[in-house]
Each structure stands twice: as C-alpha cells, then as structure tokens.
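Visitor: Starting off with a structure, shown below.
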Amino acid sequence: MSAYDNPVSDHRRKWDRDEYERLARERILRETEEKDTGPPVKRELLKPRDYKVDLDSKLGKSVVITKTTPASQQGGYYCNVCDCVVKDSINFLDHINGKKHQRNLGMSMKIERSSLDQVRQRFEMNKKKKEEKKKEYDIEERLKEIKEEEEKAKAHKKEKRKERKRKASDDESFGSGDPDMAALMGFSGFGTSKKAN
C-alpha cells in the first residue's frame, strides 16, 4: 500500500463531483428562469435629432471649479441623460451618437427602412427648398455685396499706403540729423537703401 492510497497520510482536499454538478445545474436553471421572466425591451428605432447640439456656448469663458461644484457646471460638456462629463467636443459628439447614450434615450441603433414613396417625397421636399433659396437670392442684393467688398478692399489698400508713407517719413526724420554722427554711431546703413552723402 502506497502513501497515496492511505487516506490518513493524504493531505489533499477531496472534491465531491456529484455535489458540484448538482449545484451547477441548479445555478443554470435559476439564471434561465430570471432571463425568461422579464419581457423583452422594445426600443424605438434610431431617428435624426430635432435640436441643435450646443458646442460653443461655453467657449472662451472662465469658470471657478471647487470640490462642491455640481458635475453639470464643471469644465467640459455635460450629458444630462447619462450624467457624465466629457472633456472635448469631438468626444462629446461621439458620446451622444454612441450606443450607450442612445440606449439611455430608449432607442436602438437600428434605423427604419425607407419605402420608395418616402424617398420620392424627400427628394421633392429638397427640390422645393432649393428653388425657394434661388428665388430669395436677388441679383441687386448680390451687386450691393460685391460693391461693399470692393470698397472695403480699397479702404484697406489706402490704409496700408498711408502707413507705408508714415514709416518712410519717420525714417527720413531720423536720418535728417548729422550724417557723420550717425555713421560714427553705426546708424548709417539702417532704415533705407539710400546712400548717405
């Protein structure tokens, strides 16, 4: 008889396979019953937003943040649906278009299949919008805009010319002193391309 056969000298724990198999079967039955009890959640199909996402209302503003400041007033973009703060606009857009946010809104990520009639109606609506924009756009208004742009460009050029003349007159007044003294101090070659006499 070896040491492995003797139960007194064997210090290893013995597992009751039948007991653990019975426990595993019971757990599996419990989990399947829990899943079957609740009706499946019917989620709404994904649809376009009917509001504009506010990304630039807080730009350029300073806010003092303390330990007691609520999450909605801290730095970054706050999502009140998911109760979270996102640090930049790109990640905020990713968040509000993402699966977790849409699920919290009660939507699935599936979209409705459009019928041929719906597509035709959409084309007609877009065509009407385009025609309305063309009618609103007036030729006289466009000519006024072009004239205003030309006047602005002329005024800008005129201002630049005046500034160049001012700089040139400042340089000449500086050079009007004693040329020998300017040469002695090392100023003779600066400011203009004219040679001193």
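The values are calculated or read from the model by the stated rules, or taken from the named source; none is laboratory data. For clarity, every value in this text was computed on a predicted model and none was experimentally measured. Heads up, the Cβs are rebuilt from the backbone with ideal geometry, glycines too, and the neighbour counts pull from every protein chain shown. In case anyone asks, the SASA skips ligands and DNA or RNA and just uses the protein heavy atoms, side chains included. Shrake-Rupley method; radii C 1.70, N 1.55, O 1.52, S 1.80 Å.
Visitor: Among all the lysines, which ones have a C-alpha under 16 Å from residue 47's C-alpha, if same-chain residues fewer than 8 places away are not counted?
Guide: Counting by Cα, and skipping residues close in sequence, residue 47 has these lysines nearby: 99, 100, 110.
Visitor: Then there is this: Just add up the charged neighbours of residue 45: K/R +1, D/E -1, any other residue whose Cβ is under 11 Å from the Cβ of residue 45.
Guide: Charge balance near residue 45 sits at +3.
Visitor: Please report the accessible area of residue 65 (heavy atoms, 1.4 Å probe, ligands and nucleic acids excluded) in Å², nearest 10.
Guide: 90
Visitor: Would you mind telling me the share, in percent, of accessible area of the stretch 57-172 contributed by carbon and sulfur at probe 1.4 angstrom?
Guide: 51
Visitor: So which lysines pass the test for residue 129, namely a Cα distance under 21 Å, with those fewer than 8 places away in the same chain ruled out?
Guide: The reachable lysines, counting only those whose Cα sits under 21 Å from residue 129, are 52.
Visitor: Setting aside same-chain residues fewer than 8 positions from residue 167, which aspartates and glutamates have a Cα under 13 Å from its Cα?
Guide: 159
Visitor: Now for a different question. Considering the alpha-carbon set of the stretch 57-124 alone, what are its Rg and its Dmax in angstrom?
Guide: So, for the stretch 57-124, Rg and Dmax equal 17.9, 56 Å respectively.
Visitor: Report the extension gain between residue 12 and residue 120 in nm, rounded to one decimal, defined as 0.36 nm multiplied by the number of residues separating them, less their alpha carbon distance.
Guide: 31.2 nm
Visitor: Compute the distance in nm between two label points, each set 7 Å from the Cα along the Cα-to-Cβ direction, one at residue 159 and one at residue 57.
Guide: Taking the two extended label points, one gets 3.4 nm.
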